[in-house]
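Read-outs throughout are calculated quantities, based only on the coordinates presented, and are distinct from any laboratory measurement. Since the model is a prediction, treat every value here as computed from it, not as a measurement. Virtual Cβ from ideal backbone geometry, glycine too; neighbours counted across all protein chains shown.
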Amino acid sequence: MIRLSPCIEMLFADTPDFYDRFAAAAKAGAETVEFWNWTGKDLPRIKALAEENNLKIGAFCVAGDNAEFNQKRLMYREAIPAFKEVCAESIEKAKYLGCPSLIITCGNTRIDIPRHEQHTNIVLALKAVAPMFEEAEVTLVLEPLNVLTNHMGYFLDSSYEAFAIIEEVGSPAVKLLFDVYHQQISNGNLIDTIKKFGHLVGHYHIADVPGRNEPGTGEINYPNVFRAIDATGYQAYVGMEYRSLAPSADTFAAVKAMTL
């Protein structure tokens, strides 16, 4: 069964106040929501709003005020202690909110060292924090992003290299965030990839191509994609991370109908 989790940074944006979007999402029928960074947000208020509206928090990003981490991410071995620091803090916030998954992006391509060394740096960083996530029973999900349309310069655009990284890390608590929008742009071959590597996926994101709008507005056959995801036995959340052209409540209902 596909369990949808609207990202309220993008959906329900017709409700200007971020905190009012919890009620808007619940009214639309959502049982789970997600957002981007936890920093700068009132977490006790989020916890109260989630409880008040019978919502779970599906995912948010590893974040922190550590300047070294924010500059170097996973691309520099010397930044691993900073990465561990922000992971520890983010895990604490995830446990507080009852959130099962934290999202991590690796950072931009370096020009001073070969690509294979950068790949290794990411593996080493993830291996360094994996025991923390295993102990906390929180899943860390690494997200590849497309570089053709949205994130020029980002290191990890291919899900195939990302899956190789996940396999090299070898931890049940470190998996992939498979963003269907990004991977349609980067690699295509969505359904075969999901069938082959679905056991390594810890979270999905969805949006249509082109435009990053709601499913049904572009070239991706989402009913077939949802069936492929479901056939892998996937039990976690599918994050709805798109700019809604129609009212968000309407697109939530339309996407939910595609999953039935």
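Bridging of Lys195 to aspartates and glutamates at a Cα separation below 12 Å is possible for Asp230, once same-chain residues fewer than 8 apart are set aside. Relative to the Cα centre, the charge distribution of segment 6-54, modelled as +1 at Lys and Arg Cβ and -1 at Asp and Glu Cβ, gives a dipole magnitude of about 60 debye. Calculated mean residue ellipticity at 222 nm for the chain: -13000 deg cm²/dmol, from DSSP H runs with n ≥ 4 weighted as -39500 (n - 2.57), summed, divided by the residue count and rounded to 500. In terms of other Cβ atoms within 10 Å, Val238, Val255 run from fewest to most in the order Val255, Val238. The ranking of Asp112, Asp250 by Cβ neighbour count inside 10 Å, starting from the fewest, reads Asp112, Asp250.
Backbone phi angles across segment 198-210, fed through the Karplus curve with coefficients 6.51, -1.76 and 1.60 (θ = phi - 60°), yield HN-Hα couplings of x, 5, 9, 8, x, 6, 10, 10, 10, 5, 9, 10, x Hz in residue order; Gly and Pro are listed as x. Applying a DSSP loop filter and a limit of 15 other Cβ atoms within 10 Å to the GluC sites (Glu not before Pro) in segment 115-192 leaves Glu137. Stokes-Einstein, applied to the Kirkwood radius of segment 195-260 over Cα pairs at a viscosity of 0.890 mPa s and 25 °C, places its translational diffusion at 199 µm² s⁻¹. Taking 0.692 mPa s as the viscosity and 37 °C as the temperature, the Stokes-Einstein diffusion coefficient of the chain based on its alpha-carbon Kirkwood radius rounds to 177 µm²/s. Taken about its Cα centre, segment 3-258 carries a charge dipole of about 220 debye when Lys and Arg each add +1 at the Cβ and Asp and Glu each add -1 at the Cβ. With θ taken as phi - 60° and the Karplus curve 6.51 cos²θ - 1.76 cosθ + 1.60 applied, the whole-hertz 3J(HN,Hα) list for segment 49-66 is 5, 5, 5, 4, 9, 6, 10, 9, 9, x, 5, 7, 8, 4, 7, x, 9, 7 Hz, x standing for glycine and proline. The residues His116, His182, His199, His151, when put in order of fewest to most other Cβ atoms within 10 Å, stand as His116, His199, His151, His182. What net charge do the residues around Phe22 carry, taking every other residue with its C-beta under 14 Å from that of Phe22, with Lys and Arg at +1 and Asp and Glu at -1? Around Phe22, the charge tally is -2. When the listed pairs Lys175/Lys256; Lys56/Lys84; Lys27/Lys47; Lys127/Lys196; Lys56/Lys127 are checked against a 21 Å cut-off, the alpha-carbon distance exceeds it for Lys175/Lys256; Lys56/Lys84; Lys127/Lys196; Lys56/Lys127.
Taking amide hydrogens as placed 1.01 Å from N in the peptide plane, the amide H of Asn37 sits under 5 Å from those of Cys61, each at least 5 positions away in sequence or on another chain.
Remark: segment 14-28, residue by residue, has Karplus-estimated 3J(HN,Hα) of 6, 9, x, 7, 3, 6, 6, 6, 4, 5, 5, 5, 4, 4, 6 Hz, where x stands for each Gly or Pro and the curve is 6.51 cos²θ - 1.76 cosθ + 1.60 at θ = phi - 60°.
Amide H contacts of Phe12 (H built 1.01 Å from N, in plane; Pro and chain starts excluded): Ser248 sit under 5 Å, all sequence-distant by 5 or more or on other chains. Quick one: of the DSSP bridges fully inside segment 3-258, what percent are antiparallel, nearest 5? Rounded to the nearest five, the antiparallel share is 5 percent.
Database remark: amide H of Gly218 closer than 5 angstrom to the amide H of Val209 (H placed geometrically; neighbours at sequence offset of 5 or more, or on other chains; Pro and chain starts carry no H).
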